[in-house]
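A quick write-up on the structure given underneath.
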Amino acid sequence: MLNLADPSAAFRWWRLPADGVGLARLEFIVAHQVKAHPMALLHPERVNQHDLCVIDQLTEGHLDRGQYFVDRLAYGVARIAASRWPAPVVVRTSDFKTNEYARLLGGRAFEPVEANPVIGWRGASRYYSHGYREGFALECRALRRVRNEMGLTNVIIMIPFCRTLEEADRVLDVMAEQGLRRGENGLKVYVMAEIPSNVILAEDFAQRFDGFSIGSNDLTQLTLGVDRDSEALAHVFDETNPAVTRSIQSLVPRAQSAGRTVGLCGQRPSDDPAFTEFLVKTGIDSISVAPDSFVVVKQHVAAAELNLHGEGRTVPSGTRQPQAGLSFSD
């Protein structure tokens, strides 16, 4: 599958023989198409004069600034979803960190200064909070429009950085209030598996979500306690460390036993054929990579499956078959 962010480039890659989009990032659309913090659009009285003037120019013609956000986001997501229709397109809700949100127009008025934004107020914890719940409602309106009004029901929603089961329940409740109820109109909701709690409580998260997508960078950081951006610790950050690979080996069969799909979206398969082979051996359902790496990684997957299953590449009896639309074995 493909990792995509830029809607304008989506149709550039439509000829690639991909089984869908494993990760579409809302952050790129917000940063480049919307440009303003969603809470700043809803509460302009808290925004400084300079940013407010720029926001006025951006939203000219929109009486409702919130609708401006919804329109821009919906069009961006729809372009990506249409480029792969009817294959699944997994759209991750916003996963800016507080320092990144603060750089959006009007953002500084709504974002705290955190010592370590990587493990701060991000992902699921924002969606039900007083400080961002209204902004998440705009994201939900845009996704509801894409699925229910534009008819692009191949869009799957994915929740990032969901720390606890209680947090999962609260986010799903907020989504349902906004007309995005899991199971209605075929809606599937996935969760990023990037925190050790997602692995340890895999069966419990599987009761709440339809699939998992392993975020190998954050999973490695949080498993090893290493900041991947620290030059002093660069030699320690390793996605092939046994603590990380055993977590992946643990998650895949347990999630699949609960009837849930498991994918991985990350850079490592693009750089390391051995890691790709490891993922194939785990029986993972999908690998999602950047378009410019897609062909090479698909070849590595084919070679790994050939080594594992032989010329016929027939999955041995008792081994779970990948779900339709999520296979990387063609």
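Across the chain, the relative contact order, built from alpha-carbon pairs under 8 Å that are at least six residues apart, equals 17 percent. Legend: residues R122, R181, R268, sorted from most to least accessible area (1.4 Å probe; ligands, DNA and RNA excluded), read R181, R268, R122.
Counting only protein heavy atoms and a 1.4 Å probe, the chain has 44 square angstrom of accessible area per residue. For the chain, the membrane-span-like helices by this rule, meaning whole DSSP H stretches whose C-alpha atoms cover at least 15 Å of axis and whose Kyte-Doolittle mean is -0.5 or above, are 65-84, 133-144, 165-177, 242-257, 294-309; this says nothing about an actual membrane. Take 68-78, 196-206, 228-238 and order them by the average number of nearby Cβ atoms within 10 Å per residue, most first; the result is 68-78, 196-206, 228-238. Rolling a 1.4 angstrom probe over the chain with all protein chains present gives an accessible area of which 50% lies on carbon and sulfur atoms.
Electrostatic tally near D229: other residues with Cβ closer than 13 Å to its Cβ, Lys and Arg +1, Asp and Glu -1, net -1. Report the antiparallel proportion of the DSSP beta bridges in the chain as a percent, rounded to a multiple of 5. Antiparallel: roughly 0 percent of the beta bridges in the chain.
Extension gain for V236-E149 works out to 26.5 nm (0.36 nm per residue, less the C-alpha to C-alpha distance).
Ligands, DNA and RNA aside, V226 has an accessible area near 10 Å² when probed at 1.4 Å. In this simple spin-label approximation, R15 and Y75 carry label points 7 Å from Cα along the Cα→Cβ vector, and these lie 2.7 nm apart.
Backbone phi angles across the range 179-185, fed through the Karplus curve with coefficients 6.51, -1.76 and 1.60 (θ = phi - 60°), yield HN-Hα couplings of x, 10, 9, 3, x, 7, 6 Hz in residue order; Gly and Pro are listed as x. Across the range 15-29, rounded Karplus estimates of 3J(HN,Hα) from the backbone phi angles (6.51 cos²θ - 1.76 cosθ + 1.60, θ = phi - 60°) give 7, 4, x, 8, 9, x, 10, x, 7, 10, 8, 5, 4, 5, 5 Hz, Gly and Pro being marked x. Annotation: amide H-H contacts under 5 Å for A193 (H modelled 1.01 Å from N, sequence separation of 5 or more, or interchain): S213, I214, G215.
The values are calculated or read from the model by the stated rules, or taken from the named source; none is laboratory data. These numbers come from a predicted model, not from an experiment. Quick reminder, even Gly has a Cβ in these numbers, built from the backbone with ideal geometry, and neighbours come from all protein chains shown. The accessibility values were calculated without ligands, DNA or RNA, using every heavy atom of the protein model including side chains. Shrake-Rupley method; radii C 1.70, N 1.55, O 1.52, S 1.80 Å.
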